[in-house]
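Step one of this worksheet: look at the structure below.
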Amino acid sequence: MKQRARAKPRAASPPLGESSAYRIFPRSPFLSNSTVMLHSGSVPRTSTCPPSLQRPGFRSQHAAAATLRVSASLPDSDKRFKVEFTPWLIVGLGNPGNKYHGTRHNVGFEMIERISQAEGILLNTIQSKALIGIGCIGEVPLVLAKPQAYMNFSGESVAPLAAYYQIPLRHILLVYDEMSLPNGVMRLQPKGGHGQHSGLKSAMAHLDGCREFPRLSIGIGNPPGTMDVKAFLLQKFSSVEREQIDEALDQGVHAVRALVLKGFSQRISRFNTGQKYKYHKV
């Protein structure tokens, strides 16, 4: 009698709930070390958000299929493998147009522009009602975005971009102005509420009410006396305040770079502590 061929054993799948910042794949002999491809990683299965954002394939109705991938050789010089990193979506909140350029409510836009300059990422594409640029920090791919609808409609860009590029909630960083912080003081958090910020409200609403995404808040201080809040937000900085904001933006670039490369590490904790006491004299 003929013996049946034994079936090849299947590779063991990772345990449920396991999620890493990157995955290892056999390296193609046709890819050089300098080759950069864009592809996204999986959404962590431990997320408390609705199922639509837990599935790697979550997309809006009108989003086309697209992926982001970055390829890099391992440090041990083994050329048979490449590393796939999970991309980031970094969105600065603000209002489009010259009328709002340089105002307090637009520091989120300024942070995106500063990262763009520091990392050499061109903001040259319109997608999902946003001006975007695609590039890398180190070997980690990212999408920079400035929504071109007004602040109250920022979520109309955030959610579709995250769905299109299959970016998990934990890698969506929103940058915005914060009146509860002194001018030029920043805070980097892994999650939080909207604090009545209209841009954050819109983003959370379009992300099915999820709040488990990182945010970088940039302090702009409170309106003096009985000044109207809206008028204060749309006002430009004084010369002293401008210097404080410019210094903060430079510090913010380093913080964002640390977050993208290492996550919420001790360096981020030190950054937050340094920001909290930056104006305290010993």
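The values are calculated or read from the model by the stated rules, or taken from the named source; none is laboratory data. A quick note: this is a predicted structure, and the numbers were derived from the prediction, not measured. Using ideal geometry, Cβ is built from the backbone for each residue, glycine included, and neighbour counts are taken over all protein chains shown. Note: areas computed on protein heavy atoms with side chains; ligands, DNA, RNA excluded. Shrake-Rupley method; radii C 1.70, N 1.55, O 1.52, S 1.80 Å.
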Out of curiosity, is residue 219 open to solvent by 10 Å² or more (accessible area, probe 1.4 Å), under 16 Å from residue 108 (Cβ atoms) and either in contact with a Pro (Cβ under 7 Å, 6 or more places away or on another chain) or modelled with pLDDT under 90 (or both)? no
Starting from residues that are among the charged types (D, E, K, R) and outside any loop (DSSP other than H, G, I, E, B), keep the ones in the range 171-196 and report whichever is surrounded by the most Cβ atoms within 10 Å (Cβ to Cβ). 177
Looking only at the range 239-277, count how many residues are surrounded by fewer than 16 Cβ atoms within 10 Å (Cβ to Cβ) and either touching a Gly at 6+ places or on another chain (Cβ under 7 Å) or outside any helix (DSSP H, G or I) (or both). 6
If the Cβ limit is 8 Å and pairs must be 6+ apart or interchain, which residue in the range 121-137 that is modelled with pLDDT of 95 or more pairs with which residue that is assigned to a strand (DSSP E or B) and among the hydroxyl-bearing types (Ser, Thr, Tyr)? 131/125; 132/125; 133/125; 134/125
From the residues in the range 141-161 that are open to solvent by 10 Å² or more (accessible area, probe 1.4 Å) and not in a loop (DSSP other than H, G, I, E, B), which one is nearest to residue 101 (Cα to Cα)? 146
Residue check: is residue 185 touching a helix residue (DSSP H, G or I) at 6+ places or on another chain (Cβ under 6 Å), of a type in the set (Val, Ile, Thr) and closer than 21 Å to residue 103 by Cβ? yes
